Structures are given as C-alpha cells and as structure tokens.
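The values are calculated or read from the model by the stated rules, or taken from the named source; none is laboratory data. Values in this document were obtained by computation on a predicted structure and should not be read as measured data. Note that each Cβ is placed from the backbone with ideal geometry, even for glycine, and that neighbours are counted across all protein chains shown.
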Amino acid sequence: MSDVILHNYPQSPVAEKARIALGIKGVSWSSVEIPRLPPKPMLTKLTGGYRRTPVMQIGADIYCDTQCILQELERRFPSPTFFPTSDAGLIWSLSRWTDGALFDLTVKIVLGSAGSDLPEDFAEDRGRLYLGADWAAGLKAANENLPHLAAQMRGPMTWLNTQLADGRTFLLGAEPAAIDAQFYHLIWFLRGRWNQGPTFLSEFPKLEAWEANVAKIGHGQMSDLSPEEAIARASVVEPIVVHHEDPNDPQGLVAGMDVIVSPDLDGGEQPVEGTLVAATSERVVIARTDADVGNINVHFPRIGYRVAVIG
Ligand SMILES: N[C@@H](CCC(=O)N[C@@H](CS)C(=O)NCC(=O)O)C(=O)O
C-alpha cells in the first residue's frame, strides 16, 4: 500500500482521469469519497478552500487539480512513465486543450442534454462553476444548441479515430500515456452521461476499441479510507521539504510571501491563502496550518491559477 490518497467520488470524470492515471502507474491507493456538492468541510480542511474534484493527498502534501496530480505521480512513480515517447512538452500543451475548451464543451453537452432533469441544486452549482454568473442562460443555450455542440465534438472524435487508424493500442503506440487518460475521461463522461453518447461514439470504431483498451488498464489497487483517517494521516507527518528560488519569476514571487491562490476562472470559487513555499513555471506550493491537520503544503498548477501577493 502506497501513501497515495485520492479524494474523489465515483461519478466525477476528472477523478476518472486520475484513477486511470493511477492505473497506468499500477500504484495502490486509498479512496476517500467526498460529497458531490459543497460544503465539503473535511476536504477543505486539507486544501484551505479548494473544492474541486479530485484532490490527491500524500502525507501532509495536498495536490489540487489533475495537472498537478499527474505531474507529481510522474515524479514519485517514474516507471512506467506517462511519457513513453519524447513528446512530454507537446502532451502537456495538448492537455491544456483537453482540460480546457474540450472539457467545457463536454460539460455543456452533458448539462445541456440533461436540461430540466438536473436536480436544482446540482444545476446551480455546476452551472455557476462552468458557465459563470449567467449560468441559467448558458444552460438554456446549451440545451437549445445540442446539434451544434455535437458537431463541435465530432471533429475532435474524428481526429482521435484517425490517430488510432493503424490499430495501435494507445494514442502514442503500445504503451499508455498521460494523453490517453487526458482524452479518455471525456469519452467516459460523454458515453455515461449523455443519452446520445453511445450512438454518437459508435461512428468511431477505432476510438471505441481504444476506449476499451484504456478501460482495461483499470484503476490500480484501491481501498476505501474515511476522511477522518485521511486527516489523521496528514496530522502525524510534516510536508516534504521544497526549496526553490527563481530569479526569472515574472511576478517576483519569493518564498515566505503571504499569497492567495485561486483558479483563474469565473467559477465563484474560494481562494486559498497561505505562505509561499515555492513557485516555478509549472507549480505553486503554499504552506498552511490547521488546528486538526497541523502543517500542510498545498500544491497547485501555476498554469490556470492566479497567485496574488497579500499586502
Ligand atoms: N482543472 C481541474 C478540474 C476539476 C473539476 O472541474 N472537477 C469537477 C468534477 S468532474 C468538479 O470539481 N466539480 C465540482 C465538484 O466536484 O465539487 C482538474 O483538472 O482537476
């Protein structure tokens, strides 16, 4: 059993990306089931306010966002690698589209197709998170524009099918890569939560064969853990020591500054406050202390997150 804990819930597509990533690495891990809707007091105790799904915990280090989670898994468990070809930079770049515009399109199709079937509290929460303050109008527009949205999705599915045309097992060849998980979770979501998903995807046989190959990777060895136990595990250890200095940091960030980190989106999310431990081009780490958890370091991707210096 490794010390990896994933705070997640079964229906979350982004958590499915992380679960497949854990499967690629073949690590054993513990799963803490978190609520689908806020409040999530046991989770935010660890993150300092970040509420999205999933969050990875290893000891007293908390990794927010799958960008950061995949990067840390690669660092701690380098073999088998998420980057079996020499294209890591290109894959990270492509993942900004899978996690960005393509994810947003997927969410619009799923929420739009559900229309008034969505429970009111869920529609409001996810609507606000993904469509912004004017979410009710956004949901209505998605519902009315489903054929257009499906047309936008069909092109990318055609590209994936083309990439797989030679019958390869995974997108880059015989070995699974981060990019398989980064695309797969969207297909998993479309198939499972859009009533037209299975019919829509049946146009792409190579993609469907690949989807089955990725599903077969599985999730690694998973066992359940209570949130109380996860907090207890964090409370008995200290975060890993990180030293960093970057004279080229565009914001002039240096360790020891009091900062606020928040997703660079209009989702109305709670910012996380702490003392800067490290900031690189790809990551920002802040230190927090909680009465129950003790000292924790919270890690965020730098890309897509805003760091504001307080005072
Ligand atoms: N960029 C984030 C996106 C995470 C995300 O939006 N996850 C969804 C679940 S699939 C979420 O947080 N929904 C709201 C919630 O779970 O409270 C990541 O890659 O981890």
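Residue under question is N295, and the condition is that it be modelled with pLDDT of 95 or more, assigned by TED's automatic domain parsing to the domain that holds L73, under 25 Å from the mean Cα position of the chain (by Cα) and surrounded by fewer than 18 Cβ atoms within 10 Å (Cβ to Cβ); does it hold? Against the criterion (modelled with pLDDT of 95 or more, assigned by TED's automatic domain parsing to the domain that holds L73, under 25 Å from the mean Cα position of the chain (by Cα) and surrounded by fewer than 18 Cβ atoms within 10 Å (Cβ to Cβ)), N295 qualifies.
Restricting R191, R154 to those that are surrounded by fewer than 19 Cβ atoms within 10 Å (Cβ to Cβ), under 19 Å from W97 (Cβ atoms) and either touching an Asp or Glu at 6+ places or on another chain (Cβ under 9 Å) or modelled with pLDDT under 95 (or both) reduces the list to R154.
Rundown of residues vs (1) away from the ligand (no atom under 16 Å from the Cβ); (2) among the aromatic types (F, W, Y); (3) under 20 Å from P54 (Cβ atoms), yes/no style:
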site	(1), (2), (3)
H244	yes, no, no
G256	yes, no, no
P263	no, no, yes
A287	yes, no, no
A291	yes, no, no
N295	yes, no, no
H299	no, no, yes
R306	no, no, no
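In a residue-by-residue description of the range 94-102, the property of being outside the structural domain of Q152 (by TED's automatic domain parsing), more than 17 Å from E282 (Cβ to Cβ) and within 15 Å of the chain's Cα centre (by Cα) applies to no position.
Of all residues in the range 87-127, those satisfying the criterion of being away from the ligand (no atom under 15 Å from the Cβ), in a helix (DSSP H, G or I) and surrounded by fewer than 18 Cβ atoms within 10 Å (Cβ to Cβ) are A88, G89, L90, S93, G115, S116, D117, E120. Out of everything in the range 1-30 that is part of a helix (DSSP H, G or I) and more than 12 Å from the chain's Cα centre (by Cα), what residue ends up being nearest to the ligand (Cβ to nearest atom)? Per the criteria, the residue is L22. One residue is enough: does the range 213-225 have a residue meeting the conditions part of a loop (DSSP other than H, G, I, E, B), in contact (Cβ under 8 Å) with a residue 12 or more places away in the chain and within 16 Å of the ligand (Cβ to nearest atom)? Yes, the range 213-225 contains at least one residue that is part of a loop (DSSP other than H, G, I, E, B), in contact (Cβ under 8 Å) with a residue 12 or more places away in the chain and within 16 Å of the ligand (Cβ to nearest atom).
Just one of T81, T85, T44 is in contact with a Leu (Cβ under 7 Å, 6 or more places away or on another chain) and of a type in the set (S, T, Y); which is it? Of T81, T85, T44, the one residue that is in contact with a Leu (Cβ under 7 Å, 6 or more places away or on another chain) and of a type in the set (S, T, Y) is T85.
Selection within the range 24-79: residues that are touching a Lys or Arg at 6+ places or on another chain (Cβ under 6 Å) and not β-branched (V, I, T). The member of this set that is surrounded by the fewest Cβ atoms within 10 Å (Cβ to Cβ) is P38. Entry remark, the range 37-58: residues being in contact with a helix residue (DSSP H, G or I) (Cβ under 8 Å, 6 or more places away or on another chain) and either assigned to a helix (DSSP H, G or I) or not hydroxyl-bearing (S, T, Y) (or both) number 13 in total.
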